[in-house]
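**Q** Before anything else, here's the structure in question.
The values are calculated or read from the model by the stated rules, or taken from the named source; none is laboratory data. Computed from a predicted structure; not experimentally measured. Neighbour counts are summed over all protein chains in view; Cβ atoms, including those assigned to glycine, are modelled from backbone coordinates with ideal geometry. The area values use the complete protein model at the heavy-atom level, side chains included, leaving out ligands, DNA and RNA. Shrake-Rupley method; radii C 1.70, N 1.55, O 1.52, S 1.80 Å.
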Amino acid sequence: GFESQAMNPEDQIDAPFTQNIFSIAVCPKCDAPFFIKEVLSGVPAEFEAIADEIVLYPAAVRASFENTPEPVKRAYEQALRCYSSSAFEACALMCRRSLEALCRSQGVQSGNLDSKLKKLAEQRVIDARLAEWAHGIRIVGNEAAHDTDTELSKEDAKDALDFTEALLTYVFVLNERFAAFSARRKQKGGA
């Protein structure tokens with residue numbers, strides 16, 4: 001006769017577990033839907049905790065880029081969506097694409113991305129620290145594109161996303177705000 005080898009999870013009391021829980025919620029203020037993934041881990045009858053929580057929909061828009069050219073904004077928003085759906089290699093690739101679009105928006109179009117970023121620094125569109133961050137994003141993007149044997153970590157994708165946001169904020173938001181600030185100060189007779 002056939003005897004089942006299936007085990008009741010309750011019989012494995014001390015076995016650590018990880019479980020994905022997907023939830024749909026509605027914002028009480030605007031009635032917009034949210035799709036959330038929680039990663040629950042623990043040991044039965046001892047503890048369980050939420051190890052990670054990701055909003056899968058809508059993709060988080062973390063900064064306002066109203067002065068940003070559409071190709072740059074589109075690439076960045078795609079990077080956000082990729083990160084939200086745990087597609088970390090795709091996120092890094094879209095961060096790299098954001099840099100390409102940033103360079104093009106500043107009139108720097110010839111050469112590879114490395115030389116384009118150096119040109120942005122020479123033209124003082126970005127300073128030395130931001131240039132270093134941009135090169136970091138470029139390298140992570142290259143690894144995502146070409147190193148097919150290594151999985152890109154969530155942490156590297158998150159850093160690439162954060163540094164991309166910082167670059168775009170600096171170039172398209174803060175520069176505009178500082179120009180407006182300087183013009184106001186000049187009108188008031190300030191230095």
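**Q** Calculate, for the chain, the solvent-accessible area per residue in square angstrom, rolling a 1.4 angstrom probe over the heavy atoms of the protein chains.
**A** Roughly 65 Å² per residue, with all protein chains present.
**Q** Straight-line reach from K186: which aspartates and glutamates fall under 17 Å, measuring Cα to Cα and dropping same-chain residues less than 8 apart?
**A** Cross-link targets: E176.
**Q** If the elastic network links every pair of Cα atoms under 10 Å, which of A75, A87, A157 fluctuates the most in the Gaussian network model of the chain?
**A** A87
**Q** Evaluate the charge dipole of the chain about its Cα centre and quote only its size in Debye, nearest 20, assuming +1 on the Cβ of each Lys and Arg and -1 on the Cβ of each Asp and Glu.
**A** Dipole magnitude for the chain comes out near 2160 debye.
**Q** If you don't mind, there's one more thing I want to ask. Using just the helices of the chain, give the 222 nm mean residue ellipticity in deg cm²/dmol: DSSP H runs with n ≥ 4 each add -39,500 (n - 2.57), and the total is spread over all residues, rounded to 500.
**A** -15500 deg cm²/dmol
**Q** A follow-up question, please. Taking only Cα atoms and a 10 Å spring cutoff, compute GNM fluctuations for the chain and point out the largest among R177, R81, R97.
**A** Fluctuation is largest for R177.
**Q** Of all accessible surface on segment 37-191 at a 1.4 Å probe, what whole percent is carbon and sulfur?
**A** The value for segment 37-191 is 50 percent carbon and sulfur by accessible area.
**Q** Past 19 Å, Cα to Cα, is the threshold; run K37/K154; K116/K154; K73/K119 against it and keep the listed order.
**A** Exceeds cut-off: K116/K154; K73/K119.
**Q** A further question follows. (1) 1, 7, 12, 14, 13, 12, 10, 9, 7, 5, 3, 2, 2, 1, 1, 0, 0, 0, 0, 0; (2) 1, 8, 16, 22, 23, 17, 9, 3, 1, 0, 0; (3) 1, 7, 15, 18, 18, 15, 11, 8, 5, 2, 0: which one is P(r) over Cα pairs in 5 Å bins from 0, in percent as calculated from this entry?
**A** (1)
**Q** Apply the Karplus parameterisation 6.51 cos²θ - 1.76 cosθ + 1.60, with θ equal to phi minus 60°, to every residue of segment 98-115 and state each ³J(HN,Hα) to the nearest whole Hz, in sequence, with x for glycine and proline.
**A** 4, 5, 4, 5, 4, 4, 4, 5, 9, x, 9, 10, 9, x, 7, 5, 4, 5
**Q** Would you tell me the accessible area of K73, worked out with a 1.4 angstrom probe on the heavy atoms of the protein chains, in Å² to the nearest 10?
**A** Approximately 50 Å² of K73 is accessible to the 1.4 Å probe.
**Q** Still on this model: Any chance you could check the Cα centroid distance between segment 70-138 and segment 147-183 for me, in angstrom?
**A** Measuring centre to centre over Cα atoms gives 8 Å.
**Q** Find which of T164, A144, N175 sits farthest along the positive direction of the dipole of segment 136-177, computed with +1 on the beta-carbon of Lys and Arg, -1 on that of Asp and Glu, about the Cα centre.
**A** With unit charges placed on the Cβ atoms, the residue in question is N175.
**Q** Charges only on Cβ, +1 for Lys and Arg, -1 for Asp and Glu: so what's the dipole of segment 152-191 about the Cα centre, in debye to the nearest 20?
**A** For segment 152-191, the charge dipole is close to 580 debye.
**Q** Below 13 angstrom from the Cβ of V72, what's the summed charge of the other residues (Lys, Arg +1; Asp, Glu -1)?
**A** 0
**Q** Oh, and also: Give the residue from Y76, C103, L40 lying farthest towards the positive end of the charge dipole for the chain; charges sit on Cβ (+1 for Lys and Arg, -1 for Asp and Glu) and the dipole is referred to the Cα centre.
**A** Positive-end residue among those listed: C103.
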